[in-house]
Amino acid sequence: MSDVPIRASQIPLFGTSGEQQAQYQFGTVQRASAFYRQQVLRELNDVMQTFIKEQEFVFIATADARGAADSSFRAGLPGFIHILSPQRLAFPEFRGNGVMASVGNILENPQIGMMFIDFFENRIGLHVNGWATVIDNKDLMDEPGVTDALLLDAAEKGGRRPECWIVVDVQEAYIHCSEHIPLMTKMDKELHWGTDDAHEKRGSFFQSRNRR
């Protein structure tokens, strides 16, 4: 534990009590306080909004009412994450394996963490944390800030038609620095939205079906 005295000006402006406890324990209060002041926003600025609109995937974290955590991956064409306002965004829940673990967690516990990473050009990440709400397709048009592009996505037929939408009220947004983000090359790949084809889904990759 650090023996460096803590001044009032060093007390973090953001963060949970757990974060603050860890910062005091490991002597990172000054660094954390500077990061909070310089990097953490309560809404999405113009640069963040542009960055999100260019992304084709996002990692999300949710937890149920007991706090049991789950992480997942969401993908779509660029722009599948829709900005409703600097404080709100929405993304579709496409057809998947039917478990709907993330949606189920949100129904119990609305807290959500989103992690956008650009592996291909800028090698930078963006954290967006907030409160999520599950919205039916039919109720989507009543949401403030809904655009024509979003309504078009909601109406698409076939495998790409969303089963529902997740609307996120942004609580904080901040950078994930590029230092350890690998630079990757994007390759062409044919996408089969909403397919049940076992070969295309590669559902047997981990051989879990053989456990019995």
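Please treat every number below as a calculation from the coordinates, not as lab data. Not measured: the values here are computed from a predicted model. Cβ: placed from backbone, ideal geometry, glycine included. Neighbour counts: every protein chain shown.
Observations, loosely collected:
- Residues Met141, Met100, Met114 arranged by fewest to most Cβ contacts within 10 Å: Met141, Met100, Met114
- Among the chymotrypsin sites (Phe, Trp or Tyr not before Pro) in the stretch 70-173, those located in a DSSP loop and surrounded by at most 16 other Cβ atoms within 10 Å of their own Cβ are Phe119, Phe120.
- Value of [θ]222 nm, deg cm²/dmol, for the chain, DSSP H segments ≥ 4, -39500 (n - 2.57) each, nearest 500: -6500 deg cm²/dmol
- Think of each Lys and Arg Cβ as +1 and each Asp and Glu Cβ as -1; about the Cα centre, that makes the dipole of the stretch 97-212 roughly 780 debye.
- Farthest positive-ward along the chain dipole, Cα basis, beta-carbon charges - from Ala22, His127, Ile81: Ala22
- Residues whose placed amide H lies under 5 Å from that of Glu43, excluding near-sequence neighbours: Ala173
- Recomputing volume of the Cα convex hull per residue in Å³ from the coordinates shown identifies the correct label among (1) 116; (2) 141; (3) 175 as (3).
- DSSP-assigned coil residues among GluC sites (Glu not before Pro) in the stretch 107-212, each with at most 14 further Cβ atoms within 10 Å: Glu121, Glu156, Glu179, Glu190
- Relative contact order for the stretch 46-184: 28 percent, from Cα pairs under 8 Å spaced at least 6 residues apart, divided by residue count.
- Test item: Cα-centred dipole of the chain, Lys/Arg +1 and Asp/Glu -1 on Cβ, debye: 620
- Long-range amide H partners of Glu93 with built H, under 5 Å: Glu163, Cys164, Trp165, Ile166
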